[in-house]
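J.: One structure follows; several queries about it will come next.
The values are calculated or read from the model by the stated rules, or taken from the named source; none is laboratory data. Computed from a prediction, not measured in an experiment: that's the story for all the values here. Here the Cβ is made from the backbone with ideal geometry for all residues, glycine too, and neighbour counts use every protein chain on show. These area figures cover heavy atoms from the full protein model, side chains too; ligands, DNA and RNA do not enter into them. Shrake-Rupley method; radii C 1.70, N 1.55, O 1.52, S 1.80 Å.
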Amino acid sequence: MHQVSVSIPSFRSENTAVERGYTVFRIDVLMNGRQHSVEKRYSEFHALHKMLKKSIKPPEIPSKHVRNWVPKVLEQRRLGLELYLQTIIMENEALPKIFLDFLNIRHFPSVPKTESCGSFDTESLESSKLSHQPVLLYLRDPYLLPSAHDSFSNVVIEGVVHGVFYPDLQPR
């Protein structure tokens, strides 16, 4: 079960001089106790639907063509789009990245800890790839002053260490 909850509490009509009027739907997203809102036009829902069909079997989306733009018809579309989003959440164990992007939800790959470095019992190339960013390795602590046998001391590190730990000490 996902910790994502969505609702479409409202919509508004937009009219501009450049393009014909359209409706914007406000989507309230609640995830892990945090709520935010995003606004989407029907055309964005339709584009999402087309992209989701490539990876999952999404539910039916309300009709693209609406004969008249009376509030009752727009309210039916709002309810239909709300049900559409809620059904995607309920029917999919793993939500597609494109869906999370649509809702402006940050997503992180959820790989079980036991598999974070790849599976050891298979020889596939995919399973041997690391699923995290490479780690930088230092041979010694870069925040300590260079050892006495270094021919060139690191002036920047020395200055920072003296500035932080010995602010009253005058430079040499």
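J.: Along each principal axis of its Cα atoms, how long is the stretch 1-45 end to end? Whole angstroms, biggest number first, please.
T.: 43, 15, 13
J.: Roughly how many Å² of Y166 are accessible to a 1.4 Å probe, to the nearest 10?
T.: 120
J.: If you don't mind, another one. Could you bin all the Cα-Cα distances of the stretch 1-86 into 5 Å bins starting at 0 and give me the percent of pairs in each, rounded to whole numbers?
T.: P(r) over the stretch 1-86, rounded to whole percents: 3, 13, 22, 24, 20, 11, 5, 2, 0.
J.: Also, quick follow-up: Would you mind checking which residues have amide H under 5 Å from R41's amide H? H placed 1.01 Å from N; only 5 or more apart, or other chain.
T.: F25
J.: Could you list, in their original order, any pairs among K64/K97; K40/K97; K53/K97 whose Cα atoms are separated by more than 21 Å?
T.: Over 21 Å apart, Cα to Cα: K64/K97.
J.: Moving on to the next point. Net charge around R26, counting only other residues with Cβ within less than 12 Å of its Cβ (Lys, Arg = +1; Asp, Glu = -1)?
T.: Residues near R26 contribute +1 overall.
J.: If we count every other residue with Cβ under 14 angstrom of P96's Cβ, Lys/Arg +1 and Asp/Glu -1, where does the sum land?
T.: Values: positive: K50, K53, K54, K57, K97; negative: E91, E93, D101.
My count for the surroundings of P96 gives +2.
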